[in-house]
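Below is one structure; the comments refer to it alone.
The values are calculated or read from the model by the stated rules, or taken from the named source; none is laboratory data. Just so it is clear, the model here is predicted, and its values are computed rather than measured. Virtual Cβ from ideal backbone geometry, glycine too; neighbours counted across all protein chains shown.
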Amino acid sequence: MKTPILLFLIALLVTSASGSVLSVGNGRVNATSELASMNITLDSAPDGLMDYNLSVTIDDPSIATIKNVEFPPWAITTETSLLPSSFCWLNATTGPGTNITTETTLVTITLEGLSGGTTPVSLAVYSMRDDYSNEINPSIINGTFTVNAPVLPYADFSANTTSGIAPLTVAFTDESSGTAPLTYAWDFEDNGTVDAITQNATHTYLAAGNYTVNLTVTGPGGIDSEVRTDYITVTEPPAAPVAAFSANTTSGTAPLTVAFTDESSGTAPLTYAWDFEDNGTVDAITQNATHTYLAAGNYTVNLTVTGPGGIDSEVRTDYITVTEPPAAPVADFSANTTTGVAPLTVAFTDESSGTAPLTYAWDLNNNGVIDSSSPNPVALYSSAGSYTVNLTVTNDIGSDSEIKIGYITVTEPPAAPVAAFSANTTSGIAPLTVAFADASTGAGTKTYEWDFTNDGTVDATTPDAVYTYSSAGTYTVNLTVTNAGGSDSEVKTDYITVTTAPVSPTAAFSASTTSGTAPLTVAFTDESSGTAPLTYAWDFEDNGTVDATTKNATHTYLTAGNYTVNLTVTGPGGTDSEVKSSYITVTSVTPKISAQFTASPVSGRSPLAVRFTDQSIGTITSYEWDFNNDGMVDSRMKNPLKFFTSAGEYTVQLTVRGPDGTDQEVQNQYIDVTAKPLRPIAFFSANTLSGAAPLNVTFTDKSYNNPDSYLWKFGDGTTSTLKNPSHTYPVPGYYKVGLTASNAAGSSSMAMNIYVSSS
């Protein structure tokens, strides 16, 4: 075990008639590589303290070294020489009015023990002044630093278990003592091979047997081993279960009762979990089970068997097929339109119900002649008149007819229009406003579609219209006029000519940043104006060389300095330049260690494989990754791959170490892992199933497993995507209402019938 650090902060204050006393304390540690702090103390300064310039020296650098220097908070500016070292120069400027009337610590130094022994710690004063700029010449009392010899290590360990079934994973915990730092060599099978070098280790024994474990611990004080003969006992595992089953039947009409028989194998005792609809719900736990399917559909059956040897599942996809019982047909239909001018094309849609297969007999003008046997025929009514439509639907159960008297009304068409127009002007400079006047002929109500640029977009729908052309060019104008008798278009090619005078360019730009350390990447954004097309010439260092010709550009400055940037813009109206002197300032910096990383992906469903990429700065010698913020090191690789098997938000921590120190990067709730969703089960209810037309019905979704989208079919050709819609049935009849509920895992459907009476 690590010996605690003993800190002695002793100020040796000696009263001197000659003035103030400056002293360095004594320190002691019990082993090498441990740290102790020592204060440099001034006993008094009656006239305050303005600044001081000191040095501290380890007389014997083989015994200790100076690791760190800490100044008091009232020191305004501070300077030191580079550390660690056996010598350190110290300089500080204090705040105004720093009156020292009692013992005051000027500097605290931290020393590290290197080897056993005692060394003097010497102090020197180069200058020290009070608040009146008078020199202070204090007496100096040096200190000492003692490092005791390291303690011989004593190897010892324990295990979380010493027996079990193969494969057996054992976590070994180090309980050794001795002066740090300690190194470890684990031999889990006593075969002379080092299996692990971490302080605590985990090993998996794959085969049965008795295993001897050897831990060797090495430290500054020496080496020691602990050998435990036949410490781990591993036995053979039981046979793993193999799930299997059969059914007395796999198809039939609803309700269908099925008896399932277990045919699984494996070491007893076995437990059973039946899921007869593969919806994630356990429906039975007996060895053999019976289930009744109430609704039509294809059902997947899952049997999970668990025993001493493990767990196994048998999944049979679409194993059980359940069909609806046969139903007599109910004839019904609708049309995309019921009125119009001749010739009128009408598309009929079958909305009949009943068990398939169905046959159809359409009499589209009620003359006793079958006009079509298609489910959804299209009819052309060429003459004016009122037409009765009759649909007869037949299946193996029977037949039914729907007759709609005077359902289709056809009228004679008016004369088609002739499109024509004029404009108050056909040429000018942009922006050009043109007034267009309709001159079309034709009877009845007319509609208008103006396309002033012939791009296929309707720009106006009034008889007369005004349009402003903002850009130069030659434009084709199209007017389409429509009435009940048809439509006509007037197209005038290159009818409008718009010109513009070019504008002289004005060069201007900005930068994403104007200062920073090398290498400095700067994104330049063009802000120039002038008539297009414009060309660009960037000179990022004002050396007469064109570095880029794009509108916007990026440049990386590799060396420190002040850089002038020149942008020259050329267009039809001429040329202009923008020069910004000493616009970019680049400084140099000595890189230090900085922990940084990225990950991809950072979210998804479990199990989620995430690749972590180290982007740390500086010289890195070791990496410690903690993927779940539990304080344990999960990986020491530079760019590890981690599998997240459970849903949750994970905080990730990277600790890096190198010659320049240690740094840590923590990204809170960085990895978001969600559970795989379940396929929804569609289910709904209605506030009523029958009533007189017009009948308003409110539908309420009661689906399972959190669907996120809905598709309702109301049986009359209309649909809805609302969760809980309402629908009005204006026409009597039978209507089959269906709901399809969906999410990322899949979808399912359910249907019910609504009856609407005439009164």
Checklist entry - Quick one: is Trp89 assigned by TED's automatic domain parsing to the domain that holds Asn39, exposed (fewer than 15 other Cβ atoms within 10 Å of the Cβ) and either hydroxyl-bearing (Ser, Thr, Tyr) or free of Cβ contacts under 8 Å to residues at least 60 places away in the same chain (or both)? => result no
Item to check | Residue satisfying all of: in the range 469-492; closer than 14 Å to Gly456 by Cα, in contact (Cβ under 8 Å) with a residue 24 or more places away in the chain and β-branched (Val, Ile, Thr); surrounded by the most Cβ atoms within 10 Å (Cβ to Cβ) among these | outcome: Val477
Item to check | the range 405-436, residues that are under 58 Å from the mean Cα position of the chain (by Cα) and in a strand (DSSP E or B) | outcome: Tyr407, Ile408, Phe421, Ala423, Ser427, Gly428, Ile429, Leu432, Thr433, Val434, Ala435, Phe436
Checklist outcome for this item: Among strands (runs of 3 or more DSSP E) completely within the range 334-396, the ones holding 2 or more residues that are in contact with a His (Cβ under 9 Å, 6 or more places away or on another chain) and of a type in the set (Phe, Trp, Tyr) are none
Checklist entry - How about the range 514-549: which of its residues are over 19 Å from Val579 (Cβ atoms), hydroxyl-bearing (Ser, Thr, Tyr) and surrounded by fewer than 16 Cβ atoms within 10 Å (Cβ to Cβ)? => result Thr517, Thr521
Checklist entry - Being part of a loop (DSSP other than H, G, I, E, B) and in contact with a Ser or Thr (Cβ under 6 Å, 6 or more places away or on another chain), is that true of even one residue in the range 661-671? => result no
Checklist entry - Taking Val546 and the conditions (1) farther than 30 Å from Pro659 by Cα; (2) outside any loop (DSSP other than H, G, I, E, B), which numbered condition does it fall short on, given that it satisfies the others? => result (2)
Checklist entry - Which one is nearest to Ser33 (Cα to Cα) among residues in the range 174-209 that are touching a Gly at 6+ places or on another chain (Cβ under 8 Å) and of a type in the set (Val, Ile, Thr)? => result Thr179
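Go through the range 195-225 and give me each residue that's farther than 30 Å from Ala149 by Cβ, under 42 Å from the mean Cα position of the chain (by Cα), in a loop (DSSP other than H, G, I, E, B) and not acidic (Asp, Glu).
Passing the criteria: only Leu206.
Pick out the one residue from Thr740, Thr655 that is in contact with a strand residue (DSSP E or B) (Cβ under 9 Å, 6 or more places away or on another chain), farther than 21 Å from Ala296 by Cα and touching a residue at least 12 places away in the same chain (Cβ under 8 Å).
On inspection, the qualifying residue turns out to be Thr655.
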Checklist entry - What about Thr257, is it in contact with a strand residue (DSSP E or B) (Cβ under 6 Å, 6 or more places away or on another chain), assigned to a strand (DSSP E or B) and farther than 30 Å from Asn160 by Cβ? => result yes
Checklist entry - Considering only the range 290-316, how many residues are closer than 22 Å to Leu256 by Cα and not in a strand (DSSP E or B)? => result 3
Checklist entry - Mind checking which residues of the range 469-485 are farther than 12 Å from Lys446 by Cα and in a loop (DSSP other than H, G, I, E, B)? => result Ser470, Ser471, Ala472
Checklist entry - Does any residue of the range 7-27 turn out to be within 26 Å of Thr183 (Cα to Cα), in a strand (DSSP E or B), at pLDDT 75 or above and of a type in the set (A, V, I, L, M)? => result no
Checklist outcome for this item: Leu689 meets each of (1) of a type outside the set (Phe, Trp, Tyr); (2) assigned by TED's automatic domain parsing to the domain that holds His727; (3) within 16 Å of Thr598 (Cα to Cα) with one exception, condition (3)
Checklist entry - Could you list, in sequence order, the residues of the range 110-165 that are among the aromatic types (Phe, Trp, Tyr), farther than 15 Å from Asp51 by Cα and at pLDDT below 90? => result Phe145
Checklist entry - With respect to Thr146, is the statement that it is over 30 Å from Ser20 (Cα atoms) and among the hydroxyl-bearing types (Ser, Thr, Tyr) true? => result no
Checklist outcome for this item: Of the residues in the range 42-81, those that are over 14 Å from Val121 (Cα atoms), among the small types (Gly, Ala, Ser) and outside any loop (DSSP other than H, G, I, E, B) come to Ala45, Ala75
Checklist outcome for this item: Going through (1) touching a Gly at 6+ places or on another chain (Cβ under 6 Å); (2) β-branched (Val, Ile, Thr); (3) modelled with pLDDT of 90 or more one by one, Ile76 fails only at (3)
Checklist entry - Any residue in the range 444-454 that is in contact with a Ser or Thr (Cβ under 9 Å, 6 or more places away or on another chain), more than 22 Å from Thr500 (Cα to Cα) and hydroxyl-bearing (Ser, Thr, Tyr)? => result yes
Checklist entry - Just one of the numbered conditions (1) over 18 Å from Thr587 (Cα atoms); (2) out of contact with any Gly (no Cβ under 8 Å at 6 or more places or on another chain); (3) of a type in the set (A, V, I, L, M) is not true of Ala560; which one? => result (1)
Checklist outcome for this item: Of Val151, Val147, Val170, Val121, the only residue that is surrounded by 13 or more Cβ atoms within 10 Å (Cβ to Cβ), within 16 Å of Ile223 (Cβ to Cβ) and either among the basic types (Lys, Arg) or under 58 Å from the mean Cα position of the chain (by Cα) (or both) is Val151
Next on the checklist: All but one of (1) over 21 Å from Thr317 (Cβ atoms); (2) in contact (Cβ under 8 Å) with a residue 40 or more places away in the chain; (3) assigned by TED's automatic domain parsing to the domain that holds Glu314 hold for Thr250; state the number of the condition that does not hold.
Outcome noted: (1)
